[in-house]
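Every number here is computed from the coordinates shown, using simple stated rules; none is lab data. Just so you know, these numbers come straight off a predicted model, no measurement behind them. When we count neighbours, we look across all protein chains shown, and the Cβ atoms used for this are built from the backbone with ideal geometry, even at glycine.
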Amino acid sequence: MRVLNEKSELPVELECYGLSQDQIGNKGWWRSVFSKGAPFIMEENELVSSILFVWQDPQGKEATSNTAAVLLDVNSITDHHTWDPVCLRRVIGTDVWLGQLTINSKWRGSYSFIPIEKHQLPDSVRQTGDGSREAQRAWWLSVAVNQISDPLNPLPELVSGWGGSSPLHLPKATTELGWQEWDRGELNAIPVSRVHSINWSSKELGNQRTAWLFSTATSDAPLVILLDGQKWGAPSGTLSVLQYLTDTSKIAPAHYLLVPSIDGPTRWKELSCHHPFWQSLLGELLPIVTSILAKDDCSTTDFLVAGQSLGGLSALYAGITFPECFSKVISLSGSFWWPEDSRMQAPNDTTSSDEWIKNVPANSLADQILKNQISVSHLHVFLNVGSGEADMCLYNEATYRAIQQKGGRVHYEIVCGGHDWLSWRSGLTDGLRYLMPARS
């Protein structure tokens, strides 16, 4: 394992971060750390910042603790495909674990700690298995369930697929309208009474789920369909932020339909350019939504569909496949490698203006657009991907160029972040401001 700053007697120069190097780990030292809040950030220069991560072992010093290592998992920066992960280092004789990374000063992303015991150490596990890539992945998945957020981070905890994580906003990260106010506790929570629960029992799909309808409009307005709707509910802060941005005239009033994914396998099926899913949504779910809005003398003027990852792929597919309904699309980190799984391994990384077409997978949406098999001339699209997503940037670039070349209106941006809900939350609001601005 790679222990951060392994050779120094003390893992880092604490004074650079405004912390005392004296009596480290005693009650007074911890009081100071808690009062300041973590992680600690120091700008090295115009481009990069150093981040100090601090974790207090709840079991105390090494003599009383079962924790043998603490993995540092920074979304889209930590390598999940190695037996040599980056770890924090215990300050000997204390309950203090420290680690330091240098990251682009524009970065915004989530991070977590993964405490593991001696029998879970990668070297121990590797020696008992075959050391294969599959064994390494199995080991990572087994320890990832120990993921915890940073108790010292004063900002609200984030909930990902693995568990709790914490936000990391570096000094030059772009401004998050609404989300900064939410994180500071300045926005009101949305009352349960304002969110309609809709039981969607689909005969066509053979399943059922609860969708949610929320309005910032009091009359006819666009309907925004949010895929993976369970992630955008009231506890996430999204509804409060949408209300705030509407009230401050950053986005137009709208009705929001949050459509959840049921589970992993169902999500993979329904959001992988699956025509029956959208046919069912339009034919079965939307009539219920229309009926609910009618009771408040409201209706939908047009539609916008938004999604991330597979949802970003599905959102663009909906816009292409149902042009009579969808003309506005927000796609965040869209999985445009689909349908070629193997293309995720080694795309052609090139900066040549003519070479991007080599990154277009056969039968993908971009491929079909370029071959004039499908039309995008009616579309207005907001595409967003994180710089830390490596090959995903190439596929999103290829899709952007295909849409642009064939007459669609498209805005494309690469943000300094990863495949991460912390990036997607601001990507969503940025997309809404672009496609659905408030009227002056």
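If you look at just the Cα atoms of segment 2-169, how large are its Rg and its Dmax in Å?
Over segment 2-169's Cα set, Rg and Dmax evaluate to 15.9, 47 Å.
What is the angle, in °, between the Cα long axis of helix 27-36 and the longest principal axis of the Cα atoms in the chain? Nearest 10 is fine, range 0 to 90.
30
If the elastic network links every pair of Cα atoms under 10 Å, which of L257, L158, L14 fluctuates the most in the Gaussian network model of the chain?
Result for the chain, Cα springs under 10 Å: L14 fluctuates most.
Along each of the three principal axes of the Cα atoms of segment 201-281, give the extent in whole Å, ordering the values from largest to smallest.
Sorted largest first, the three principal extents are 41, 26, 21 Å.
Please build a GNM for the chain, connecting alpha carbons under 10 Å apart, and tell me which residue among S142, S236, S423 fluctuates the most.
Maximum among the listed residues: S142.
At q = 0.21 Å⁻¹, what is the base-10 log of I(q)/I(0) for segment 4-86 according to the Debye formula with one equal point scatterer per Cα and no solvent? Please give it to two decimals.
The calculated log intensity ratios at q = 0.21 Å⁻¹ are -1.32.
What share of the DSSP beta bridges in segment 179-435 is antiparallel, in percent to the nearest 5? Mind showing how you got there, number by number?
Details: 12 of 40 bridges.
Within segment 179-435, antiparallel bridges account for around 30 percent of the total.
On each of the three principal axes of the Cα atoms of segment 139-212, give max minus min coordinate, whole Å, ordered largest first.
49, 41, 22
If you count the DSSP beta bridges with both ends in segment 189-308, what percent of them are antiparallel, to the nearest 5? Could you put the intermediate results ahead of the total?
Details: 12 of 22 bridges.
If we restrict to bridges inside segment 189-308, about 55 percent are antiparallel.
Karplus couplings for segment 239-244 from phi (6.51 cos²θ - 1.76 cosθ + 1.60, θ = phi - 60°), rounded to Hz, Gly and Pro as x?
5, 5, 5, 4, 5, 5
List the relative contact order of the chain as a percent without decimals, with contacts defined as Cα pairs under 8 Å and 6+ residues apart. Walk me through the intermediate numbers first.
Values: 856 pairs, mean separation 53.6, N = 440.
Taking the mean separation of contacting Cα pairs over the length of the chain, I get 12 percent.
Using only Cα atoms, tell me the angle between helix 133-144 and the longest principal axis of the chain; keep it within 0 to 90° and round to the nearest 10.
80
Exceeding 32 Å between C-alpha atoms, which entries from my cross-link table qualify? They are K203/K250; K118/K172; K231/K358; K269/K358; K61/K172. Present the calculation step by step, with values, prior to reporting the outcome.
Values: K203/K250 39 Å; K118/K172 39 Å; K231/K358 34 Å; K269/K358 27 Å; K61/K172 37 Å.
Violating the 32 Å limit, Cα to Cα: K203/K250; K118/K172; K231/K358; K61/K172.
What residues qualify as long-range amide H neighbours of A438, i.e. H under 5 Å apart, gap of 5 or more or another chain, H built at 1.01 Å from N?
Residues meeting the criterion, in which the H sits 1.01 Å from N, are I251, A252.
Can you compute 3J(HN,Hα) from phi for each residue in segment 274-281, using the Karplus curve 6.51 cos²θ - 1.76 cosθ + 1.60 with θ = phi - 60°, rounded to whole Hz and x for Gly and Pro?
Values, residue by residue: 9, 4, x, 4, 6, 4, 5, 4 Hz.
If the viscosity is 1.306 mPa s and the temperature 10 °C, what translational diffusion coefficient in µm²/s does Stokes-Einstein give for the chain when Rh comes from Kirkwood over Cα pairs?
Numbers: Rh = 23.6 Å.
Once the numbers are plugged in, D ends up at 67 µm²/s.
Out of residues 5 or more away from H411 or on other chains, whose amide H comes under 5 Å of its own, with H placed 1.01 Å from N in the peptide plane?
V381, F382, L383
Once the Cα gyration tensor of segment 239-392 is diagonalised, what are the square roots of 5 times its eigenvalues, in whole Å and ordered largest first, as equivalent ellipsoid semi-axes? Spell out each step's value before the answer.
Numbers: eigenvalues 186, 66, 48 Å².
Largest first, segment 239-392 gives 30, 18, 16 Å.
Return the sequence-ordered ³J(HN,Hα) values of segment 305-314 in whole Hz as given by the Karplus equation 6.51 cos²θ - 1.76 cosθ + 1.60 applied to θ = phi - 60°, using x for Gly and Pro.
Here the 3J(HN,Hα) series is 10, 10, x, 10, 6, 4, x, x, 4, 5 Hz.
Using only helices, what value at 222 nm comes out for the chain when you add -39,500 (n - 2.57) per DSSP H run of length 4 or more and divide by the total residues, to the nearest 500 deg cm²/dmol? Intermediate results must be reported in sequence, preceding the final value.
Numbers: 12 runs with 114 residues, N = 440.
One gets -7500 deg cm²/dmol as the mean residue ellipticity at 222 nm.
Which residues' amide hydrogens lie under 5 Å from the amide hydrogen of G25, considering only partners 5 or more residues apart or on another chain, with H built in the peptide plane?
When sequence neighbours closer than 5 places are left aside, the close amide H contacts are W30.
If contacts are Cα pairs under 8 angstrom and at least 6 residues apart, what is the relative contact order of segment 179-435 in percent? It would help to have the intermediate numbers written out before the result.
On the way: 473 pairs, mean separation 39.6, N = 257.
Worked out over segment 179-435, it gives 15 percent.
Expressed in whole Å with the largest first, what are the equivalent ellipsoid semi-axes of segment 179-435 derived from the C-alpha gyration tensor as the square root of 5 times each eigenvalue? Don't skip to the end; give the middle numbers.
Details: eigenvalues 178, 86, 57 Å².
Over the Cα atoms of segment 179-435, the semi-axes work out to 30, 21, 17 Å.
Name the residue from Q208, P222, G178 whose Cα lies farthest towards the positive end of the charge dipole of segment 171-238, charges +1 on Cβ of Lys and Arg and -1 on Cβ of Asp and Glu.
Farthest towards the positive end: Q208.
Specify the residue with the greatest mean-square fluctuation among K328, K61, K231, computed from a Gaussian network of the chain linking alpha-carbon atoms under 10 Å apart.
Answer for the Gaussian network model of the chain: K61.
At 0.36 nm per residue, and after removing the present C-alpha to C-alpha distance, how many nm does the segment from E340 to S35 gain when stretched out fully?
Working it through step by step, the gained length comes to 104.8 nm.
Can you work out the base-10 log of I(q)/I(0) for segment 368-413 at q = 0.28 1/Å, using the Debye formula on its C-alpha atoms alone?
Treating every Cα as an identical point scatterer, log10 I(q)/I(0) equals -0.98.
To the nearest 0.05, what FRET efficiency results for Q405 and D123 with a Förster distance of 51 Å applied to their C-beta separation? Present the calculation step by step, with values, prior to reporting the outcome.
On the way: r = 51 Å, r/R0 = 1.00.
My answer for the efficiency is 0.50.
Using Cα pairs closer than 8 Å and at least 6 residues apart in sequence, work out the relative contact order for segment 2-169, in percent.
Numbers: 304 pairs, mean separation 40.5, N = 168.
Answer for segment 2-169 is 24 percent.
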